[in-house]
Amino acid sequence: MHFTLKQLQVFLAVASHENVSHAADQLAMSQSAASTALKLLEQRFDVQLFDRIGKRLQLNAQGAALRPRAAALISQAEELENGLIQHDEIGALKVGATLTIGNYLAVGIMADFMRDHKQARVELTVENTAAIAAKVRNFELDIGLVEGELQETELEVSYWRDDELSVFCAPNHPLAQHATLSEADLLAAQWIVREQGSGTRQAFDRAMTGILSNLQLRLELQHTEGIKRAVEAGLGIGCLSKITLQDAFKRGTLVPLNVPQRSWTRKFYFILHRQKFLGTGVRSWIAHCQNA
């Protein structure tokens, strides 16, 4: 074999950071050692994997073609190493989740997972759907749990479970007294919604097909708790997953609004890179999610 796993690790780290120094820091190497490893890999196969733009290294077409295969090989090597060291115990697992899933579902799943795999280390990243997809695409995460629909050739998207959105307001809001909301009510209301790129916003926009461009979107916020607080303060009405609203509905600080003429159902998904090796940890995590 005319390359080493360390050379591939350096290549992947540089591809992620677009900077040799940052890649070296990630791998606990000196910058010169990382530069040498990358140079030897390119020289051995007479190939250039990056375009040099000042101090930044931008992955070129040849590098982009190598990246998923190199990541799959490193993933398998890490799985083998974990098995040899820990006798089939699961080592580190990097999970990404969107805000609704990460803040209201993933922590409970992680607790069950770690009870079953006491030596496991789980790193949970919580961001919106677009950000989680990008990290899975770049092999920064082993698996993503998302609430937005994706169509990307590099990613494998599979169904996990159903979810439902709910329109809501403060108990003293004028619409709280309405048995159902009409289209006119929806158009007259001030809305507080999630930001573009989030799965919740994607589902909201789809539910409002036909009238979306005429809605009064007063605020766009990145966090569900911020939206709930703004609605409680009377700034408008909101739309979030029912999962995030159950406690507030029980307390009476927020109340659900009935909008039967619109569809509020959606799905949660697993996302994986198509070239990602599915080790024991990922397979076990998926099983815990399905049993949750």
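No lab work stands behind these numbers, since they all come straight from the coordinates. All of these numbers come straight from a predicted model, not from anything done at the bench. No Cβ is skipped: glycine too gets one built from the backbone with ideal geometry, and neighbour counts run over all protein chains shown.
For the chain, the longest principal axis of the C-alpha atoms and the axis of helix 5-17 are separated by about 40°.
I'd like the per residue volume of the convex hull spanned by the Cα atoms of the stretch 5-86, given in cubic angstrom.
Working: hull volume 7.5 nm³, N = 82.
Taking only Cα atoms, the stretch 5-86 has a hull volume of 91 Å³ per residue.
Phi-derived couplings, Karplus 6.51 cos²θ - 1.76 cosθ + 1.60 at θ = phi - 60°, listed residue by residue for the stretch 224-232: 4, 5, x, 5, 4, 5, 5, 5, 4 Hz, with x used for Gly and Pro. Where a ≥ b ≥ c are the square roots of the eigenvalues of the C-alpha gyration tensor, would you call the stretch 164-264 rounded, which needs a/c under 1.5, or, failing that, prolate if a/b is larger than b/c, or oblate? Since a/c stays below 1.5, the shape of the stretch 164-264 is classed as rounded. The candidate values are (1) 18.3; (2) 17.6; (3) 15.0; the one derived from this structure for mean projected area of the Cα convex hull in nm² carries the label (1). Each Lys and Arg Cβ is given +1 and each Asp and Glu Cβ -1; about its Cα centre, the stretch 164-264 then shows a dipole of about 160 debye. Its relative contact order, with pairs defined as Cα atoms under 8 Å and 6+ residues apart, puts the stretch 5-86 at 28 percent.
Distance between the C-alpha centres of the stretch 234-292 and the stretch 127-186: 7 Å, rounded to the whole angstrom. How far is helix 61-86 tilted, in degrees, relative to the longest principal axis of the Cα atoms in the chain, given as a value from 0 to 90 rounded to the nearest 10? Rounded to the nearest ten degrees, it is 90. Helix 31-44 and the longest principal axis of the Cα set of the chain meet at an angle near 70°.
Distances between placed amide hydrogens fall under 5 Å for L235 paired with no residue 5 or more residues away or on another chain. Annotation: lysines with alpha-carbon distance below 27 angstrom to K6 (same-chain offsets under eight excluded): K39, K55, K94, K135, K276. Out of A15, A77, A184, any idea which swings most in a Gaussian network model of the chain, alpha carbons joined below 10 Å? Answer for the Gaussian network model of the chain: A184. Farthest towards the positive end of the charge dipole of the stretch 220-292, among the residues Y269, H223, G234, is the Cα of Y269, using unit charges on the Cβ of Lys, Arg, Asp and Glu.
For the stretch 164-264, the relative contact order works out to 49 percent when only alpha carbon pairs closer than 8 Å and six or more residues apart are counted.
Please report the antiparallel percentage of DSSP beta bridges with both residues in the chain, rounded to the nearest 5.
Working: 23 of 39 bridges.
Once the DSSP bridges in the chain are tallied, antiparallel ones form about 60 percent.
Over the chain, DSSP H runs of length four or greater, each weighted -39,500 (n - 2.57), average out per residue to a 222 nm ellipticity of -12500 deg cm²/dmol. For A61, neighbours were defined as the other residues whose beta-carbon sits under 12 Å from its Cβ, and their charges (Lys and Arg +1, Asp and Glu -1) total 0. Scalar couplings 3J(HN,Hα) for the stretch 283-292, obtained by applying the Karplus form with A = 6.51, B = -1.76, C = 1.60 to θ = phi - 60°, are 5, 5, 4, 4, 4, 5, 4, 5, 8, 5 Hz; x denotes Gly and Pro.
Each label point was placed 7 Å from the Cα along the Cα-to-Cβ direction; for T253 and K55 their separation is 4.6 nm. What relative contact order, as a whole-number percentage, does the chain give when Cα pairs under 8 Å and 6 or more residues apart are counted? About 22 percent, as a whole number.
To the nearest 20 debye, what charge dipole does the chain have about its Cα centre, counting +1 at the Cβ of each Lys and Arg and -1 at the Cβ of each Asp and Glu?
Using Cβ point charges on Lys, Arg, Asp and Glu, the chain gives about 220 debye.
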